[in-house]
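Have a look at the structure below, then the notes.
The values are calculated or read from the model by the stated rules, or taken from the named source; none is laboratory data. As the structure is a prediction and not an experimental result, all values here were calculated from the model. Here the Cβ positions follow ideal geometry from the backbone for every residue, glycine too, while neighbour counts run over all protein chains shown. With ligands, DNA and RNA removed, areas are computed over all heavy atoms of the protein, side chains included. Shrake-Rupley method; radii C 1.70, N 1.55, O 1.52, S 1.80 Å.
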Amino acid sequence: MNYYNEIKNELINNEVYKKVKDYSKNRSDLMTYYNIGKLLSKAGKNYGEGIIKSYSNKLTMELGKGYNTSSLKRMRQFYIMVQKGATVWHQLSWSHYKILITLDSIDKINYYAKISSDNLYSVRQLQERIKSKEYERLDDKTKAMLIKKEEPKTEDLIKNPILIKNTYDTNNITEKMLGQLILEQLPFFLEELGLGFSFIKNEYKIKIGDRYYYIDFLLYNIKDNRYVVLELKNAELKKEYFGQIKTYMNYIDKNVKTPDQNPTLGIILCKEDNKFIFEYVTGDNVIDREYALV
């Protein structure tokens, strides 16, 4: 089999196809580079690693720039990645996949590819998610569910820790300062929480008996059709925090939630976790997460 001619024809056909059918050129790119990667993989097994450099030189001479050794190796990596179990999302560009093929596990690749496809992330946004180690901040149970292609709950996908950009000159911040940081970077913070979260109000005022209380943040998750009570604590998780947040959640369920909405979710965002306390005092629909100042 003449691998070189097959590779050359794939590239020529792709260029012609893109000019005629521009609307689907991304799909054509991915299919072409997958096929070339397959041919390069077979050629390498028959002729050795040096064949890629030889093909690169010939393609550059006959078709012009864009087919250097690094480019061809990336196409082979793309093919190998798919063979190992990566899902190809045609909404993503070749530029996305040039980043994804550098990751060290198929599970991680599939996670970032899916969220990029679901959220229409640009290449820059994908790079930011990878840089923030979003996948690594999911717990092991959630990762196992994703590998098995099971559908996690919204709260399962809330990262731990949640990153908050610190614009103060000190790391010793109060809860009020923490709340202000969140307000200053609200879109970033809601993305940290995950899909479907929207902001309603901070210091949400409620009345229980003859006393007024203030919920740090009242949010709403459109995907889950439920309110979210978020409480900030600049200390280690304590058992009394659960009583406080359950009181606020019950208030929202009884006085704000409508019958067609799901029960309220509670999130305790604390400086330091305490798994022992969480194991014994947690209730339904309450989760805790640490925050990390960056």
Requested in this report: Quickly work out the Asn274-to-Leu186 label distance, labels modelled 7 Å from Cα along the C-beta direction, and quote it in nm with one decimal.
Outcome: 3.2 nm
Requested in this report: Starting from the amide H of Ile162, placed 1.01 Å from N in the peptide plane, find each other amide H under 5 Å away whose residue is 5 or more places distant or on another chain.
Outcome: Glu290, Tyr291, Ala292
Query raised in the report: With a ≥ b ≥ c the root eigenvalues of the C-alpha gyration tensor of segment 159-269, is it rounded (a/c under 1.5), prolate (a/b larger than b/c) or oblate?
Result: oblate
Query raised in the report: Counting only the heavy atoms of the protein chains, how much of Lys98 is accessible to a 1.4 Å probe, in Å² to the nearest 10?
Result: 70 Å²
Requested in this report: Read phi for every residue in segment 186-200 and hand back ³J(HN,Hα) as whole Hz from Karplus 6.51 cos²θ - 1.76 cosθ + 1.60, θ = phi - 60°, with x for Gly and Pro.
Outcome: 4, x, 4, 5, 5, 5, 4, 5, x, 7, x, 7, 9, 8, 9
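Can you tell me how much longer the chain between Lys114 and Leu293 gets when fully stretched, taken as 0.36 nm per residue apart minus their C-alpha distance, in nm with one decimal?
Between Lys114 and Leu293, full extension yields 61.7 nm more.
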**Report entry** GluC sites (Glu not before Pro), loop per DSSP, at most 11 other Cβ atoms within 10 Å - longest free stretch of the chain
**Finding:** 151-294
Query raised in the report: Computed FRET efficiency, Cβ-Cβ of Asp260 and Lys141, R0 45 Å: what is it to the nearest 0.05?
Result: 0.90
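Given a cut-off of 22 Å, name the pairs among Lys201/Lys239; Lys73/Lys131; Lys246/Lys275; Lys143/Lys176 whose C-alpha atoms lie farther apart than that in the structure shown. If you can, show how the numbers build up before the last one.
Working: Lys201/Lys239 26 Å; Lys73/Lys131 24 Å; Lys246/Lys275 18 Å; Lys143/Lys176 33 Å.
Beyond 22 Å: Lys201/Lys239; Lys73/Lys131; Lys143/Lys176.
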Requested in this report: Treat each spin label as a single point 7 Å out from the Cα along the C-beta direction, and report the Glu128 to Asn166 distance in nm.
Outcome: 2.1 nm
**Report entry** From the coordinates shown, semi-axes √(5λ) of the Cα gyration tensor in Å corresponds to which of (i) 30, 22, 17; (ii) 50, 18, 17; (iii) 39, 18, 16
**Finding:** (ii)
